[in-house]
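As structure tokens, the structure follows; a few thoughts come after it.
Just so you know, all these numbers are worked out from the coordinates, no wet-lab data involved. Quantities reported herein were computed from a predicted structural model and do not represent experimental measurements.
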Amino acid sequence: GLLLLQISLGIGNVIFGLPLPLATAHNGVAALLLGCLLALLAASRAERLPS
């Protein structure tokens, strides 16, 4: 869901020159995606570490 929103906002921003609040939302969604990816990376690394 977040990835589709990010792609849509990015394309809309380039093609239609979206208003500033929507362009800012593009950056906010990017931050959320980065956070999700970092959490997944941390979880995957934690599974491989010996107890």
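Annotation: extensible slack from residue 42 through residue 15 equals 6.1 nm (criterion: 0.36 nm per residue apart, minus Cα-Cα distance). Amide H to amide H, with H built 1.01 Å from N, residue 18 comes under 5 Å of 13, counting only residues 5 or more places away or on other chains.
A helix-only calculation puts the chain at -30000 deg cm²/dmol for mean residue ellipticity at 222 nm, using -39500 (n - 2.57) for each DSSP H run of at least four residues, averaged over all residues. Pairwise over distinct Cα atoms, reciprocal of the mean inverse distance: report the Kirkwood radius of region 2-51 in Å, one decimal place. Hydrodynamic radius (Kirkwood, Cα pairs) of region 2-51 is 12.3 Å. The C-alpha atoms of the chain define a longest principal axis, and helix 2-16 lies at about 30 degrees to it. Quick one: helix 20-48 against the long Cα principal axis of the chain, what's the angle to the nearest 10°, folded into 0 to 90? Relative to the chain, helix 20-48 is tipped by roughly 10 degrees.
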